[in-house]
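One structure is given here, and the rest of the page talks about it.
The values are calculated or read from the model by the stated rules, or taken from the named source; none is laboratory data. Keep in mind that what you see is a predicted model, and the values were worked out from it rather than measured. Methodologically, a virtual Cβ is constructed for each residue, glycine included, from the backbone with ideal geometry; neighbour enumeration extends over all protein chains shown.
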Amino acid sequence: MTAQPGSADYRLSPAERDQLATQGFVVRTSAFDSGELDRIRASCEAMVQRVVETAGRMPRIPAGSYLFQGNQELCAIVKWEPGHPDVVQGVEPFAHFDADLRAWGEDARFTEPMKDLLGAEEVELFTEKLNLKRARVGGPIVLHQDYPYWTETAQDAGEIATAILFLDDADRGNGGLEVLPGSHRNGLWSGKDIKGFGKFELDPDACPDDDLVMLEVPAGSVVYFGSLLVHRSTPNRSDRDRRTLLYSHQPSGRVKSYESIVKMFRK
C-alpha cells in the first residue's frame with residue numbers, strides 16, 4: 001500500500017467491508033515494513049524487561065486457563081505462562097506508561113480502518129495488549145469472544161474492535177491465530193459453566209476444529225475484527241517466537257481500560 005499516514009486510502013475497501021460483514025474479520029498482509037517491525041519489536045522487548053523488573057511481590061493468581069499478576073508500579077496486568085511462571089505471556093494495558101507503543105496504536109493503519117469497523121469518525125484506544133508466545137513454551141489462548149471480558153470496564157463492549165499486528169511470521173507451528181468465520185453474527189456465545197474468570201472461555205466442543213480457520217500470515221500483517229468474533233490461538237511448538245500487538249479501539253470520549261485498573265490498584 002502506498003498511502004501516506006492519515007490518508008483515507010487506509011479505510012476499508014468495499015470488498016473488505018463485505019468480508020467484515022460476512023466473515024467477521026479482515027486481513028491486510030505486510031502492512032508494516034521490516035524497519036518498522038524492528039523498531040516495534042525492540043520497544044516491546046524493552047517493555048517486557050521493564051515489566052519483569054517491576055513485577056514486585058503481588059500474588060500470581062490462576063484464573064481460568066491463565067496466570068495473572070497485577071503490576072502496581074505500572075498499573076498493568078501481566079499474564080505469565082502457567083507452565084513456565086517466569087516467562088511473560090502478556091501485558092495489558094500499556095499505552096499509559098509506554099509512549100512509543102501508544103504512538104504506534106494511533107497510527108493511521110490502525111485508526112482509519114477502525115472508523116469503518118466502529119462506524120465512528122473519531123476513535124481512540126480502549127485497551128492494548130502485548131501477547132508473547134515464546135519458542136517451545138508459549139501456551140494457547142483459549143477459544144473466546146472479547147465481548148464478555150470488557151463488559152465491566154467498557155461503556156459499550158459491542159462498540160470495541162481490535163487490530164492484531166503480527167511481529168513475527170505466524171503459522172500453525174508457532175501458535176497462529178484461528179478464527180471462526182461468521183461467528184460474530186450469532187451474538188454472544190455461552191461460556192463455560194464454571195465460576196470466576198474462566199466462565200468467559202468458550203467450550204471447545206461448541207466449535208469443532210474443522211470449523212476454525214488458521215490465519216497464517218507474514219510478519220507485519222494486521223487482522224481486524226469486532227468483539228463478537230470467536231477465535232483462539234494454538235501453542236507454540238516451534239523454535240520461533242510468535243509476538244503480537246493488539247490495539248483495541250472505541251469511539252472517542254469513552255472510559256479506557258487503564259482507568260479502571262488504576263482505580264483497582266488505588267483502592
So which residues in region 47-67 are more than 26 Å from SER233 (Cα to Cα) and either polar (S, T, N, Q) or within 18 Å of the chain's Cα centre (by Cα) (or both)?
THR54
Just wondering, is there one or more residues in region 171-184 that are on the phi > 0 side of the Ramachandran plot and in contact with a strand residue (DSSP E or B) (Cβ under 9 Å, 6 or more places away or on another chain)?
yes
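Taking into account only those residues within region 1-52 that are small (Gly, Ala, Ser) and in a helix (DSSP H, G or I), which is modelled with the lowest pLDDT? Steps first, please.
Taking region 1-52 first, the residues small (Gly, Ala, Ser) are 3, 6-8, 13, 15, 21, 24, 30-31, 34-35, 42-43, 46.
Now restrict to residues that are in a helix (DSSP H, G or I): 8, 15, 21, 34-35, 42-43, 46.
Details: ALA8: 68, ALA15: 98, ALA21: 98, SER34: 98, GLY35: 98, ALA42: 98, SER43: 98, ALA46: 98.
Filtering first and then ranking leaves ALA8.
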Counting only residues that are β-branched (Val, Ile, Thr) and either under 13 Å from GLY90 (Cβ atoms) or part of a strand (DSSP E or B) (or both), how many does region 53-71 have?
1
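For (1) of a type in the set (D, E, K, R); (2) touching a helix residue (DSSP H, G or I) at 6+ places or on another chain (Cβ under 8 Å), each residue gets a yes or a no:
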{"position": "ARG17", "(1), (2)": "yes, yes"}
{"position": "ASP33", "(1), (2)": "yes, no"}
{"position": "GLU36", "(1), (2)": "yes, no"}
{"position": "ARG57", "(1), (2)": "yes, no"}
{"position": "ALA63", "(1), (2)": "no, yes"}
{"position": "ASN71", "(1), (2)": "no, yes"}
{"position": "ALA76", "(1), (2)": "no, yes"}
{"position": "GLU81", "(1), (2)": "yes, no"}
Can you list residue pairs whose Cβ atoms sit under 6 Å apart, with the first residue in region 204-219 being more than 27 Å from GLY35 (Cα to Cα) and in contact (Cβ under 8 Å) with a residue 60 or more places away in the chain and the second being of a type in the set (A, V, I, L, M) and part of a loop (DSSP other than H, G, I, E, B)? Count only pairs 6 or more apart in sequence or on different chains.
CYS207/LEU180
What are the pairs, 6+ residues apart or on separate chains, where a residue within region 16-28 that is of a type in the set (A, V, I, L, M) has its Cβ under 9 Å from a residue that is loosely packed, with under 14 Cβ neighbours inside 10 Å?
ALA21/ARG185
With the requirement that a residue be farther than 19 Å from GLN19 by Cα and out of contact with any helix residue (DSSP H, G or I) (no Cβ under 7 Å at 6 or more places or on another chain), what does region 107-119 give you?
ASP107
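Residues to consider are ALA154, ALA135; find the one that is assigned to a loop (DSSP other than H, G, I, E, B) and surrounded by fewer than 17 Cβ atoms within 10 Å (Cβ to Cβ).
Values: ALA154 fails: surrounded by fewer than 17 Cβ atoms within 10 Å (Cβ to Cβ).
The unique qualifying residue is ALA135.
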Scope region 51-76; condition surrounded by fewer than 18 Cβ atoms within 10 Å (Cβ to Cβ) and either closer than 15 Å to PHE97 by Cα or small (Gly, Ala, Ser) (or both); matching residues:
VAL52, GLU53, THR54, GLY56, ALA63, GLY64, SER65, GLN72, GLU73
First in region 246-267 and under 24 Å from ASP107 (Cβ atoms), second anywhere and charged (D, E, K, R) and loosely packed, with under 13 Cβ neighbours inside 10 Å, Cβ under 7 Å, 6 or more apart:
PRO251/GLU122; SER252/GLU122
